[in-house]
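Q: Handing you this structure, nothing more for now.
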Ligand SMILES: CC(C)(COP(=O)(O)OP(=O)(O)OC[C@H]1O[C@@H](n2cnc3c(N)ncnc32)[C@H](O)[C@@H]1OP(=O)(O)O)[C@@H](O)C(=O)NCCC(=O)NCCS
């Protein structure tokens with residue numbers, strides 16, 4: 001049987017570090033370091049400069065992942081690009097990344113398909129499931145899967161938006177999935193969604209039910225109200241559902257594969273909130289040293305959190321061939337997912 005394994009990982013975060021104190025002193029956010037750390041565990045995040053696109057972050061992460069896999073862009077058969085913050089409304093970011101990777105250049109241009117995944121914080125796992133299926137079915141051999149987000153362009157640093165503005169940061173993570181006949185790689189993936197909660201964590205920059213779809217002034221210039229321009233969230237409801245769904249997603253994976261916590265070497269949870277992850281781990285009795293975290297440094301980078309965490313962990317040398325990894329995510333939609341991998 002053909003398996004899909006992660007042959008290379010990479011990540012990129014913009015160099016500008018924004019601490020919790022910077023949010024207060026530079027961005028004027030009515031907050032404190034203590035409030036943010038106590039509620040979320042976040043100490044800092046990275047922000048991009050004006051002129052940087054999400055696909056620029058994706059490009060750097062992708063280059064690292066390709067290099068790590070010993071491949072070049074022309075070895076790719078497919079790009080899967082997960083993001084809730086694409087460069088523009090449409091097209092999706094996948095084609096911008098394809099172009100920036102140089103795949104459209106020269107006589108040997110390779111016009112690989114570019115698939116955009118729109119499942120927010122679960123985007124990486126939705127992408128992993130999609131890419132794995134294509135490899136297992138023998139359709140493709142080498143797939144670049146990227147999670148990339150640029151939140152800093154659309155955060156509301158007024159008191160109105162502080163519960164969201166304090167959580168999110170920019171970054172990208174990438175993996176190269178390859179076909180192999182060896183007994184390793186992605187062992188299974190399980191996804192879910194509950195559209196009843198679609199509005200609970202959302203950004204409705206426009207509403208196509210309306211005519212015109214966006215309010216316009218007398219000059220025909222569109223105007224976006226703050227409530228539509230910025231993400232809206234019922235934080236407490238998200239917190240409660242995140243805990244329930246993440247535990248459920250993990251148990252689904254365990255029962256499908258006959259596993260317990262003891263079989264797992266590392267847990268890579270979506271980095272939305274350290275308290276959510278610690279609470280889930282406590283409820284399940286997962287030992288602290290198995291729960292990997294980097295939200296302290298990067299905040300919530302949505303679809304990018306798991307591949308950034310994976311790439312950092314791989315780079316640190318902690319991952320050894322044969323180790324079992326569990327990934328779990330939950331986010332806007334609501335959507336969620338889990339995956340089990342043998343490294
Ligand atoms: C967002 C979150 C940290 C807020 O924590 P909370 O304990 O629920 O706080 P609340 O929203 O009830 O707000 C409590 C108070 O803190 C204030 N507050 C919100 N953000 C603040 C900030 N950054 N700094 C200081 N005060 C803040 C609120 O205005 C509110 O003030 P009030 O009591 O005077 O009205 C928490 O709900 C959470 O983490 N939820 C999950 C979010 C998440 O993970 N989203 C992504 C999912 S993928």
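Here, each number is a calculation from the coordinates, and none is a lab measurement. Note that the coordinates shown come from a computational prediction; the quantities given were computed from them, not determined experimentally. All Cβ positions, glycine included, derive from the backbone under ideal geometry; neighbour counts span all protein chains shown.
Q: Along its principal axes, what span do the Cα atoms of region 139-197 show, with the longest given first and each in whole Å?
A: Taking the Cα atoms of region 139-197, the three principal extents are 54, 28, 19 Å.
Q: Follow-up question, since we're still on this one. So what is the 222 nm mean residue ellipticity for the chain from helices alone, if each DSSP H run of at least 4 adds -39500 (n - 2.57) and you divide by all residues, rounding to the nearest 500 deg cm²/dmol?
A: Only helices count here, giving -9500 deg cm²/dmol.
Q: Give the order of 334, 197 when sorted by the count of other beta carbons within 10 angstrom, beginning with the fewest.
A: The fewest-first ordering by Cβ neighbours comes to 197, 334.
Q: What full-extension length gain, to one decimal in nm, is calculated for residue 111 and residue 21 as 0.36 nm per residue of separation minus the Cα-Cα distance?
A: The span from residue 111 to residue 21 would gain 27.8 nm if fully extended.
Q: Also, quick follow-up: Take 62, 297, 48 and order them by how many other Cβ atoms sit within 10 Å, fewest up front.
A: 297, 48, 62
Q: Suppose we keep just the DSSP beta bridges with both residues in region 3-182; what percent of those would be antiparallel, to 5?
A: 70
Q: Continuing with the same structure: Classify the chain from the C-alpha gyration tensor, please: rounded if a/c falls under 1.5, else prolate or oblate depending on whether a/b exceeds b/c.
A: Here the chain falls in the oblate category.
Q: Bin all alpha-carbon pair distances of region 3-182 at 10 Å intervals from 0 and give each bin's fraction as a whole percent.
A: 10, 35, 30, 17, 7, 1
Q: Let me ask another. Output the antiparallel fraction of DSSP beta bridges having both residues in the chain, as a percent to the nearest 5.
A: 70
Q: Among 152, 122, 202, what is the fewest-to-most ranking by other Cβ atoms within 10 Å?
A: 202, 152, 122
Q: Here is a follow-up. Can you give me the distance in nm between label points at residue 205 and residue 37, each placed 7 Å from the Cα along the Cα-to-Cβ direction?
A: Label-label distance for residue 205 and residue 37, simple model: 3.5 nm.
Q: Of the residues 92, 322, 299, which exhibits the maximal mean-square fluctuation in a Gaussian network model of the chain defined by a 10 Å Cα contact cut-off?
A: Among 92, 322, 299, the largest mean-square fluctuation in the Gaussian network model of the chain belongs to 322.
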